[in-house]
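Only one structure is covered here, and it is reproduced in the block below.
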């Protein structure tokens with residue numbers, strides 16, 4: 001499937017993660033099984049292009065900075081030179097991961113003429129625009145939703161939203177809806193199930209099968225309705241990214 005994911009002109013990308021588990025849920029792990037790092041909670045990190053309904057990349061692992069970095073590295077690997085407009089929840093790992101793949105090294109000036117130079121760090125390039133959806137919860141319920149611009153300016157975010165064919169506000173609705181689709185199509189992602197994976201590698205392989213079915217097997221619907229701001233019909237990803245997949249794959 002990755003042979004079709006090359007130089008994708010992604011202009012908007014939503015980031016999110018969904019929970020699953022391998023072998024045993026985290027709170028039920030016995031002491032003897034704690035030595036296996038793959039057992040317990042398993043998070044599926046997803047990068048989603050809402051305009052095409054396309055899962056650009058995903059990573060199965062723990063909820064760590066290394067997994068977030070790997071997700072953005074895979075996004076860079078399959079997209080073209082442009083930097084998409086990124087949105088996500090308020091998870092701090094996304095900011096560091098974006099600087100990891102898109103950041104530019106900055107060397108601060110030395111104070112005086114003696115001594116070592118200060119340590120370098122990465123700064124966001126001018127064309128990197130990233131905003132977060134911040135939810136405030138009370139007793140497990142969302143009581144307030146606000147937006148936070150992390151990289152770029154408010155004017156740059158508004159420009160990206162006006163050019164978007166899917167979003168009119170800062171949101172993660174499309175990737176969250178895709179997470180629901182994954183849970184409905186893949187029993188290993190169901191919250192309460194006896195069809196869970198016993199090993200992390202099998203969970204990842206089953207996700208590849210699920211995404212291959214999602215992107216290529218069902219017929220390609222062309223929506224009759226056009227978006228209000230662009231007089232062009234919206235097509236599924238088979239007509240945009242999978243140019244060599246003009247017909248649905250046979251289900252047998």
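The values are calculated or read from the model by the stated rules, or taken from the named source; none is laboratory data. What you are looking at is a predicted structure, and each value in this text was computed from that prediction instead of being measured. Don't worry about glycine lacking a Cβ; one is built from the backbone with ideal geometry, like all the others, and counts go over all protein chains shown.
Quick look at the numbers
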quantity: When residues of the stretch 51-69 are limited to those that are in a helix (DSSP H, G or I) and touching a residue at least 24 places away in the same chain (Cβ under 8 Å), the one surrounded by the most Cβ atoms within 10 Å (Cβ to Cβ); calculated: 68
quantity: Qualifying residue in the stretch 60-74 (condition: within 16 Å of residue 174 (Cβ to Cβ) and touching a helix residue (DSSP H, G or I) at 6+ places or on another chain (Cβ under 9 Å)); calculated: no
quantity: Residue within the stretch 184-192 that is closer than 16 Å to residue 130 by Cβ, touching a residue at least 60 places away in the same chain (Cβ under 8 Å) and under 18 Å from the mean Cα position of the chain (by Cα) present; calculated: no
quantity: Index of the failed condition, residue 99 passing every other in (1) under 16 Å from the mean Cα position of the chain (by Cα); (2) within 26 Å of residue 186 (Cα to Cα); (3) surrounded by 15 or more Cβ atoms within 10 Å (Cβ to Cβ); calculated: (2)
quantity: Pick from the stretch 115-148, criterion within 17 Å of residue 11 (Cα to Cα) and within 21 Å of the chain's Cα centre (by Cα), ranking: surrounded by the most Cβ atoms within 10 Å (Cβ to Cβ); calculated: 130
quantity: Number of the exception - residue 142 against (1) more than 25 Å from residue 6 (Cβ to Cβ); (2) assigned to a loop (DSSP other than H, G, I, E, B); calculated: (2)
quantity: Test set (1) assigned to a loop (DSSP other than H, G, I, E, B); (2) out of contact with any strand residue (DSSP E or B) (no Cβ under 8 Å at 6 or more places or on another chain) - residue 96 fails condition number; calculated: (1)
quantity: Flag for residue 46 being touching a helix residue (DSSP H, G or I) at 6+ places or on another chain (Cβ under 7 Å), touching a residue at least 60 places away in the same chain (Cβ under 8 Å) and crowded, with 22+ Cβ neighbours inside 10 Å; calculated: yes
quantity: Residue 82, sole failed condition from (1) over 25 Å from residue 208 (Cα atoms); (2) in contact with a helix residue (DSSP H, G or I) (Cβ under 8 Å, 6 or more places away or on another chain); (3) in contact (Cβ under 8 Å) with a residue 60 or more places away in the chain; calculated: (2)
quantity: Yes/no for residue 19 being under 21 Å from residue 83 (Cβ atoms) and either in contact with a strand residue (DSSP E or B) (Cβ under 8 Å, 6 or more places away or on another chain) or modelled with pLDDT of 90 or more (or both); calculated: no
quantity: Test: residue in the stretch 108-117 that is in contact with a strand residue (DSSP E or B) (Cβ under 6 Å, 6 or more places away or on another chain), in contact (Cβ under 8 Å) with a residue 12 or more places away in the chain and either part of a helix (DSSP H, G or I) or on the phi < 0 side of the Ramachandran plot (or both); calculated: no
quantity: Any hit, the stretch 136-152, residues being touching a residue at least 24 places away in the same chain (Cβ under 8 Å) and out of contact with any helix residue (DSSP H, G or I) (no Cβ under 9 Å at 6 or more places or on another chain); calculated: yes
quantity: Total residues in the stretch 162-182, condition assigned to a helix (DSSP H, G or I) and crowded, with 18+ Cβ neighbours inside 10 Å; calculated: 5
